[in-house]
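The values are calculated or read from the model by the stated rules, or taken from the named source; none is laboratory data. Here the structure is a predicted model, which means the values were calculated and not measured. Please note: Cβ atoms are built from the backbone with ideal geometry, for glycine as well, and neighbour counts cover all protein chains shown.
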Amino acid sequence: MMLFRCSLISALLLTMSGCTLTSQHQHQETLDKIDHVAAQTNQQQQNLSASLSNHDEALSRLSDKISAIESQLKVMQRTQAKVYANMAEAKPEVKVKEKVVRVPVNDDKVLLGAREWVWFDAVESTFQARVDTGAETSSLNAVEIQEFERDGDTWVKFNVNHSENNDEPVFMEMPVKRWVRIRQSSTDKTDRRPVVEAWVRVGSIHEKTQFTLADRTNMEYPVLLGREFFKDLAVVDVSQEHIHPKYEPETQPDASSNDANQK
């Protein structure tokens, strides 16, 4: 009996010892797994940090490349601007062929050159004019324009003096026939300008024609003759200039007799 009890106790002790060993073994396996997962996580973190570092380096290299490209573009733009500037400065002079009024030539037509002397009856003075076949109306230099009323009509007084003349002002007083709006190409604004009528003479032509008043002091000629003046009266040869000499009143018939003959 005593032997049986000892055997039973020994068996129980062995069983408990086995259970304890098994539990410790399982606990160790769990710890090992945790350590393995921790090691994997740490490795992944290290890999992620390395990837982020490589990404930052790639971004830095890309930023450097973009900066280099921008610098090259600026250099190219400056070079292109210099090329365009040199091309503009070296642009050859291009002579534009003026349009010629094509009308039948006969004995009744007067030949006009591209530049002619124009006599104004109102001031008894001669001015140099450009004969412009591309312009519809004529233009007259006018500065210091003063508008006033006379006998119920609107008149203007203006100085026709031009840089080619002396410093003495040459004033005209004429009624305003109408007003026109002229658009300025440089500012895109419109100017209101008076239109007057004046008796002028070029060669054998003695006609009254309308002139738009404008400041032409910065232009080469104080007078521009448009098609309304010489149509049906003359043909234009742009290859010639000053075909007709300056009008000399003492060598010509009286103006009043000319007006009477024209009527």
Do we find a residue being under 22 Å from E241 (Cβ atoms) and either at pLDDT below 90 or not assigned by TED's automatic domain parsing to the domain that holds E241 (or both) anywhere in region 164-179? yes
Under the condition of being among the hydrophobic types (A, V, I, L, M, F, W, C) and either outside any strand (DSSP E or B) or outside the structural domain of V131 (by TED's automatic domain parsing) (or both), which residue from region 191-240 is nearest to the chain's Cα centre (by Cα)? M219
